[in-house]
Amino acid sequence: MCGIVGYIGTQPASHILLEGLRQLEYRGYDSAGIATLWDHQLQIVRAEGKLHNLQAALQNHDSPAHLGIGHTRWATHGKPEVRNAHPHKDMSGLVAVVQNGIVENYRELREALQAEGIEFVSDTDTEVIPNLVARHFRQLAAAGSAPDSRLLEAVRLAVQELEGAYAIAVLCVDAPDEIVVARQQAPLVIGFGQGEFFCASDTPAIINHTRAVVTLENGEMARLTPLGVEIFNFQGDRLRKQPRLLSGTSLLAEKQGFRHYMLKEIYDQPGVVRSWLSTHLNDNWRADAADEPAQVAPYPHAQTPVILNLPDELLNDLEQVQILACGTSWHASLVGRYLLETLAGVPTQVYYASEFRYAPSPLVRNTLTIGVTQSGETADTLAALEKEGERRSGLGPEFAPRLLGITNRSESTLAHVVPHILDIQAGIEVGVAATKTFLGQVLAFYGLAIDLAYRRSSQSHEKLEALIAGLKRIPDQIEQLLREQDGAIESLAHQFTETQDFIFMGRGINFPIALEGALKLKEISYIHAEGYPAGEMKHGPIALLDSKVPVVAIAVPGSVYDKVLSNAQEAKARDARMIGVIPDGPDANMFDHYLWVPIVDELLSPLLTVVPLQLLSYHIAALRGLDVDQPRNLAKSVTVE
């Protein structure tokens, strides 16, 4: 989950590397460092903690070097200390390396290198890489290999010895005009500027300098020099790849006057919904437009209420949907399951991707498998999708893999693992705790459920039209909620800055929102919080309740409304301090505090009920003086297992 960046060109490298790392800090911020190469000397500056510490350290190391590599770390092997910070070099100081990922066989490699007399100074898995590269480099030099290909070949030989998921960038004192990079199961892009070239874990690091990029695939490596970029596979074969232009959604995000990115991204959500509606709703569709059977393949856009641009063979005749996800994406998938089963009548299961990859479900015919990952780089989700594709291949058409991805990054690794993508197009989300991307993922499931309901004739056209009409009102309703509730929620948050435990509960389609509300509070305030199905409280968790444990109950009119109110009364009888997420009305008076939401169709309520919970978590964390955008121990893109 670390971020790497590299630069070679005509400008001083340190400033470009530092700014690139600033845009990658969401990937990890336990430590940071850069290595530059000048006058046949490696200059490495590292600092523990966030990037401003590295910036301060660099003030005493002004280097004119025009090439270098940088790294911002999310600690896996070794504590977040300076000695474990990247870049790492070999024992002799010949080679420097930055890495994103994990070398799974580093222990064996480390022991073999130690037997050769190599001494290690860090606890990381990464330190074996520069020592391997340096060993191969010296062997190639002794054999008289061509100097201009020596580093490339040394890296190529080194990666043959590595097992795991990684992306690396390498500098070498004896190859002073090149950077060599390699990718295996971790993201890496190369940027093409005017007489300068870049590499990075993600495009925000280089978007200020170029929009022309090439994404390396697994098993590919590249050599960057002042004259250009050469790309090879791990077998040493030269590859021809054409750069592509980044879309507008790849642009950098700004706070726009908000105190934190997270708050700004909460306020982005009406725009996210409007963008989704304008992109995917078919304005030409009406419930009374036609009475012909809905299940027509292929069917013209005039006959479908949503336009997802997915092929009929992916969605027709489904017997099951299985969804693979982690974290917040898993919560969005639980909402998706409810929608797919309620609207489309398709049996749906949601799996933790990390569990599914080692214990997959039995094979069922005509199964759609959906991977949900906001970054498109989540290692467990990608591996689970690949496993599902492999085990279904060659079993005949009824068991053939049908793979779909839902992501905020259409250019990510996910797009190379699955053939079809639903891009939520929520824009860059800087805050580590997902807000607008959660809403975007849920919207994707609304679209998919409506489309399948129409195809399968599982809902009347009038029901679908009413649902779509409700969706069109959601942006204004979120804006009203933000306008009328943000200040009140901030005032309420003052009462919980010293709270140690929180309980969230909901039923039906809002049970996942209880889970998401609890996760948000945990992530950014470090308060212990749990989400439960409201009906399960009396089966054990109610033992936790007393006057010191607030309970947030999500209660919106619908099929389980009265049940949730009864469960809330049970909690209140145990002296719990009750907070209701509920519309105005007499029932709100049973709560000690309530977070108002507009009245909507129960099926649409998650799009609203999640917003006050996001605000509550944000304001509690901000009042506690915590770093809301970069909470401890977390990273935005989880690219390790």
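Scan the stretch 193-230 for residues that are surrounded by fewer than 19 Cβ atoms within 10 Å (Cβ to Cβ) and among the hydrophobic types (A, V, I, L, M, F, W, C) and report the count.
Counting residues in the stretch 193-230 that are surrounded by fewer than 19 Cβ atoms within 10 Å (Cβ to Cβ) and among the hydrophobic types (A, V, I, L, M, F, W, C) gives 2.
Out of LYS472, LYS463, which single residue is more than 28 Å from the chain's Cα centre (by Cα), over 30 Å from ARG632 (Cα atoms) and part of a helix (DSSP H, G or I)?
LYS463
Given (1) modelled with pLDDT of 95 or more; (2) more than 30 Å from the chain's Cα centre (by Cα), identify the lone condition not met by GLU516.
All conditions are met except number (2).
Sort out which residues of the stretch 367-411 are of a type outside the set (Val, Ile, Thr), surrounded by 17 or more Cβ atoms within 10 Å (Cβ to Cβ) and assigned to a loop (DSSP other than H, G, I, E, B), and write them in order of number.
GLN374, SER375, GLY376, GLU377, PRO401, ASN408, ARG409, SER410, GLU411
Taking the conditions exactly as written (modelled with pLDDT under 95 and either on the phi > 0 side of the Ramachandran plot or not β-branched (Val, Ile, Thr) (or both)), does SER566 satisfy them or not?
Considered against the rule, which asks whether it is modelled with pLDDT under 95 and either on the phi > 0 side of the Ramachandran plot or not β-branched (Val, Ile, Thr) (or both), SER566 comes out as yes.
For the stretch 563-572, state whether one or more residues are in a loop (DSSP other than H, G, I, E, B) and either farther than 18 Å from PHE496 by Cβ or out of contact with any strand residue (DSSP E or B) (no Cβ under 6 Å at 6 or more places or on another chain) (or both).
No, the conditions are met nowhere in the stretch 563-572.
Among the hydroxyl-bearing types (Ser, Thr, Tyr) and in contact with a Leu (Cβ under 6 Å, 6 or more places away or on another chain), is that true of THR72?
yes
So is ALA57 surrounded by fewer than 24 Cβ atoms within 10 Å (Cβ to Cβ), of a type outside the set (Lys, Arg), modelled with pLDDT of 95 or more and farther than 16 Å from GLY3 by Cα or not?
no
What is the residue count in the stretch 122-149 for residues that are under 16 Å from ILE179 (Cα atoms), surrounded by fewer than 24 Cβ atoms within 10 Å (Cβ to Cβ) and in contact with a strand residue (DSSP E or B) (Cβ under 7 Å, 6 or more places away or on another chain)?
The number of residues fulfilling the criteria is 0.
Could you please find all residues in the stretch 186-218 being outside any strand (DSSP E or B), touching a helix residue (DSSP H, G or I) at 6+ places or on another chain (Cβ under 9 Å) and under 19 Å from ILE102 (Cα atoms)?
ALA186, SER201, ASP202, GLU217, ASN218
Considering THR76, THR72, THR36, which residue is in the same structural domain as PHE198 (by TED's automatic domain parsing), part of a loop (DSSP other than H, G, I, E, B) and crowded, with 17+ Cβ neighbours inside 10 Å?
Going through THR76, THR72, THR36 in turn, the sole match is THR76.
The values are calculated or read from the model by the stated rules, or taken from the named source; none is laboratory data. Treat the numbers as computed from the prediction; the structure is a model and nothing was measured. Cβ atoms come from the backbone with ideal geometry, glycine included; neighbour counts cover every protein chain shown.
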